[in-house]
1. Could you run the Karplus curve 6.51 cos²θ - 1.76 cosθ + 1.60 with θ = phi - 60° over the range 85-96 and give me ³J(HN,Hα) per residue in whole Hz, x for Gly and Pro?
2. Report the accessible area of L51, computed with a 1.4 Å probe over the heavy atoms of all protein chains in place, in Å² rounded to the nearest 10.
Amino acid sequence: MVLAVGALLGSSAAAHAADLGMILYTTPAGKRATLNQPEPGRCYTLSGAGLTSNLSLVGKTAHFYPKARCAGAPVADLGPGKRQNVRFSSLRVDAD
């Protein structure tokens, strides 16, 4: 019985650790899009122009850049649960 409980708790913790949340954004064409499970520290070259939300489940801030490859200074930094209108060409979520 102890092994079964330990296995159940272990798989629950692993599932939670893998769930990083998502970034919701508006494309330049005006369509809603989602970046699921953004890997902390990785740069994503995505274009956005409009309402953008950081739905991080691990307390990470998302940084939005005006150029591809996360070049230059961020035009916006959205903490977990924050949203605003942002025009960007790439993004990176805080590294661990």
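The values are calculated or read from the model by the stated rules, or taken from the named source; none is laboratory data. Please read these numbers as outputs of a predicted model, since none were measured by experiment. When the accessible area is computed, the model is the full protein with side chains, heavy atoms only, and any ligands, DNA or RNA have been set aside. Shrake-Rupley method; radii C 1.70, N 1.55, O 1.52, S 1.80 Å.
1. Running phi through 6.51 cos²θ - 1.76 cosθ + 1.60 with θ = phi - 60° gives 6, 9, 10, 8, 10, 6, 8, 9, 9, 2, 6, 6 Hz.
2. Ignoring ligands and nucleic acids, L51 comes out at about 70 Å².
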